[in-house]
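K.L.:
Once you've had a glance at the structure underneath, I'll fire off some questions.
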Amino acid sequence: MKYKFYFFYLLLAFTSTALYAQGENNNWYFEYGYHIDFNSNPPVLSHNSGIYAWESTASVSDASGNVLFYTIGSRIWDRNGNEMPNATGLSGNGPVINGVPIGSGRQSVQIIANPVDPHQYYVFVGSADQDVPGPVYYHLVDMRLNGGYGDVVVTQKNVMILPKGSTEYTAVAYGGACNTFWFIIAGNFEYNYGLHAFKVDQNGVDLNPVISYPTLSGLSVPGHLKVSAASGLAYYRTNLGIVRAQFDNLSGVFSNFELIPNTHGYGSLELSPNGNILYAIGVSTDPYLAPVWQYNLQLYPDLNAIGASGVQVAAMKPWDIRTGPDGQVYMIDIDRIIRVKNPDLIAPGNIIDTFYTFPPATPLVGYPVLGAAFLPRIAPDTSWVGNRFLDTTVCEGTSVLMKSPRQDMAYYKWSTGSEDVQTTAQQPGVYWVYSYTYDCKVYIDTFILKTLQAEFELGSDTTLCRGQKLTLDATQAGAEQYLWSSGATGARLTVGYEGTYKVRVKVGNCLFEDSIKVEVLDPDFAIKQQDTLICEGDQILLSAHSEMGSEITWNTGSSGTTIEVSEPGTYTASTHNYCGAQQDSVIISWASCDCEPVFPTTFTPNGDGLNDVFLAFIKPSCVFKTYEFTIYNRYGNVVYSVMQSGPGWDGTYKNFKPAELGVYTYTLKVKDLFDHTKTYKGNVILAR
């Protein structure tokens, strides 16, 4: 929205002078050992630093004006003038002569504060024209390292952000969000002279630049670049002259490129503290003398009027122009430093004097640059910290969308890690969202998320033994309804059968579900054989089976599912498992198995007590399951039949009449204890 954009500019307009009044820019380091200290009034120039540079430099101090470090990009010195230990092998701003980079880039070095770490600074460095193909890098300096003197972070060193095609000209600008910055590079012909803007914010350096291409026909050879912190307007030198453009600090886009007529394309630029006057080095046929021009920018949009307003304010050969923290504009050439004491006034109303004249014994070695201006962090206004506590309760397992109560903020940071205006959460707890406006007003809003949780748990899947019961309890405070998969509607359910049991509990708008799988074990255990008889001296195999497959032991001392026995007695098998102890027994008895019957060939049923009965003689110990004894006459008629051993035929037939003398046929069919069936046949003579 446009109003946000202009509101931020309005804020900067009121604070731009205050930005320069902070101590971060109170120490300038340039050329060979020179240092200007603005912590005193008037400022003091000394020749006692470790700096060595032909051209571009940069330095930064803390808010109190205590120097932190200074650099030419390819070399970095701490506050005591010692090179930082890890600041070796740094790329950029060459060329390297006799093993030492000399810093010959015109406007190649910038320092930008890490937006999220007050102890860290990005050092951006482009390449001098002598360094083909002209890459651009950054290094990260952490002031907590090296005993508090600062050092380059090992993993953030020589990070290339543009492989080639840059010029010596760079700039910095505030971003649209609080403590967001832009590092800007003027591209050369390989990039169609596009302006590359790299965003630096809480996420670090965005390596995907926003590229804006000038729309002026014939523009080439971009030069010194300056972006106003107050207005967002950009001015830069080109082969056509000075170009004015609008910089959108939210998107990083340059637009509305306009040429200011009757201006020159080479040399440094600087804005007056109020941003209404542009100071620019002009050109001259005298190689040792060139004017410094002053242009009235308040005449916009009449570009011709701006070009015609140029007034010469100094006749010298200046190499650089920079506004000091004291609000005065300083200009340096090979012999001296002059200053404009009231630079917001249009000449001839301003006052110019000489600040310092270099003694002949200490000549300048290059083309001196007073150093890049540092953009201080804007301190958040914590008087706007929020104090809201937004409580909400949701069902367990349900996500809730939490939305910041403050819309259209420049930045959001949730305790969940989200950087959106809203975030989702599921777990109960305290959540906060940190946000700030485009003018750095900070708000911290807190959300307390409560969840309605299930108070019951059916437990883990379980196993019952046959005959056991289990009571499932789903009691829940405030429950309005219970529904079990069995159709039951109580809080408790007693089960004893195998299956999966589910319950759904309704509490308000929340539904809680749980389930449990119940298995039922059958501990059935038995010896397969029943009580039985075996022939004396024989063996029998006894076999036991457990449905649960548990180990089986016998009272004989043996173990396993089977044993072979040959002695009479009671045999017991036992097992022990999840369902307890089980046992079974079987009785084994001996039986006589030598049971062949003996049949007489003749019998005399005459009542004399001798051989009066015909029967099969069998040992008393013999036992049969079945016994069928039948006698036939010569006509095939049954004269005698019996189904048990013991009694015999007394020689009578029908009404106990004596049977005829003669030969009779008999059959004996028996089945023994082992189900073996035998049939015996023969003849017997009845005589008297």
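The values are calculated or read from the model by the stated rules, or taken from the named source; none is laboratory data. The structure displayed is predicted, hence computed values, not measured ones. FYI the Cβ positions are ideal-geometry reconstructions off the backbone, even for glycines, and counts take in every protein chain you see. Just the protein is used for accessible areas: all its heavy atoms, side chains included, with ligands, DNA and RNA removed. Shrake-Rupley method; radii C 1.70, N 1.55, O 1.52, S 1.80 Å.
K.L.:
How much area per residue is accessible in region 50-125 when the probe is 1.4 Å and only protein heavy atoms are counted (Å²)?
P.N.:
Values: 2280 Å² over 76 residues.
With all protein chains present, region 50-125 gives 30 Å² per residue.
K.L.:
Something else about it: To the nearest 20 debye, what is the magnitude of the charge dipole of the chain about its Cα centre, counting +1 on the Cβ of each Lys and Arg and -1 on the Cβ of each Asp and Glu? All intermediate terms of the calculation are to be shown ahead of the outcome.
P.N.:
Details: 42 positive and 63 negative charges, 224 e Å.
The calculation lands at about 1080 debye.
K.L.:
Can you give me the % of accessible surface on the chain that is carbon or sulfur? Probe 1.4 Å, all protein chains present, nothing else counted.
P.N.:
Numbers: 16520 of 32140 Å².
Percent of accessible area from carbon and sulfur atoms in the chain: 51.
K.L.:
Net charge near R688, counting Lys/Arg +1 and Asp/Glu -1 over other residues with Cβ under 13 Å of its Cβ? Spell out each step's value before the answer.
P.N.:
On the way: positive: none; negative: D608, D612, D650, E660.
Taking every Cβ under 13 Å from that of R688, the sum is -4.
K.L.:
I would also like to ask the following. Grab the DSSP H runs of the chain that are 4 residues or longer, score each as -39,500 (n - 2.57), total them, divide by all residues and round the 222 nm result to the nearest 500 deg cm²/dmol.
P.N.:
Per the formula, -1000 deg cm²/dmol.
K.L.:
If you don't mind, there's one more thing I want to ask. Kindly identify the chain as rounded, prolate or oblate by the Cα gyration tensor criterion: order the square roots of the eigenvalues as a ≥ b ≥ c, call it rounded if a/c is under 1.5, otherwise compare a/b with b/c, prolate if a/b is larger, else oblate.
P.N.:
Details: a/c = 5.48, a/b = 4.13, b/c = 1.33.
In terms of gyration-tensor shape, prolate.
K.L.:
What is the helix-to-structure angle for 2-21, meaning the angle in degrees between its Cα long axis and the longest Cα principal axis of the chain, kept from 0 to 90 and rounded to the nearest 10?
P.N.:
That works out to roughly 60 degrees.
K.L.:
Find which of S46, Y640, A454 sits farthest along the positive direction of the dipole of the chain, computed with +1 on the beta-carbon of Lys and Arg, -1 on that of Asp and Glu, about the Cα centre.
P.N.:
Farthest towards the positive end: A454.
K.L.:
From the residues Y367, I563, P343, which one has its Cα farthest along the dipole of the chain in the positive direction, the dipole being from +1 and -1 charges on Cβ of Lys/Arg and Asp/Glu about the Cα centre?
P.N.:
Towards the positive end, the residue furthest out is P343.
K.L.:
Scanning the chain for chymotrypsin sites (Phe, Trp or Tyr not before Pro) in DSSP loops with at most 11 other Cβ atoms within 10 Å, what's the longest stretch left with none? Before the final figure, lay out the partial values.
P.N.:
Numbers: sites that count: Y288, Y497, Y578, Y635, F656.
My reading of the result: 1-287 is the longest stretch.
K.L.:
Okay, next question. Which sequence of H196, H119 reflects their accessible areas, 1.4 Å probe, from the largest down?
P.N.:
Working: H196 0, H119 80 Å².
Most to least solvent-accessible, the answer reads H119, H196.
K.L.:
Further, regarding this structure: Using a 1.4 Å probe, how large is the accessible area of T494, given in Å² and rounded to the nearest 10?
P.N.:
Around 90 Å² of this residue is reachable by solvent.
K.L.:
Would you mind working out the accessible area per residue for region 512-557, using a 1.4 Å probe, and quoting it in Å²? Could the numbers behind the result be given before it?
P.N.:
Numbers: 2600 Å² over 46 residues.
On a per-residue basis, region 512-557 sits at 57 Å².
K.L.:
Given a 1.4 Å probe and heavy atoms of the protein chains only, how would you sort K341, K528, largest accessible area at the top? Please report the intermediate quantities before stating the final value.
P.N.:
Working: K341 95, K528 140 Å².
So the residues, ranked largest to smallest area, are K528, K341.
K.L.:
Rounded, prolate or oblate: which fits region 265-349 when a ≥ b ≥ c are the square roots of the eigenvalues of the alpha-carbon gyration tensor, with rounded for a/c under 1.5 and prolate only if a/b beats b/c?
P.N.:
In terms of gyration-tensor shape, oblate.
K.L.:
Let me ask something additional. Taking the full set of protein chains and a 1.4 angstrom probe, give the accessible area of L375 in square angstrom, rounded to the nearest 10.
P.N.:
30
K.L.:
Need one value: the accessible area of S268 in square angstrom, 1.4 angstrom probe, rounded to the nearest 10.
P.N.:
Surface accessible to solvent at S268 totals approximately 0 Å².
K.L.:
For a test of the definition: using alpha carbon positions, the gyration tensor, and the 1.5 limit on a/c, classify region 23-81 as rounded, prolate or oblate.
P.N.:
Numbers: a/c = 1.99, a/b = 1.36, b/c = 1.46.
Oblate is the answer for region 23-81, as a/c is 1.5 or above yet b/c matches or exceeds a/b.
K.L.:
Nothing charged except the Cβ atoms of Lys and Arg (+1) and of Asp and Glu (-1): what's the magnitude of the dipole of region 521-589 about its Cα centre? Round to the nearest 20 debye. Could you put the intermediate results ahead of the total?
P.N.:
Working: 1 positive and 10 negative charges, 22 e Å.
Around 100 debye, computed over region 521-589.
K.L.:
In Å², and per residue, what accessible area does region 234-284 have when probed at 1.4 Å with the other protein chains present?
P.N.:
Numbers: 1470 Å² over 51 residues.
Computed with neighbouring chains in place, this is 29 Å² per residue.
K.L.:
Ok, one more. Sort H576, H224 from largest to smallest accessible area, using a 1.4 Å probe on the heavy atoms of the protein chains. Please list the in-between numbers first.
P.N.:
Values: H576 135, H224 20 Å².
Ranked from most to least accessible, the order is H576, H224.
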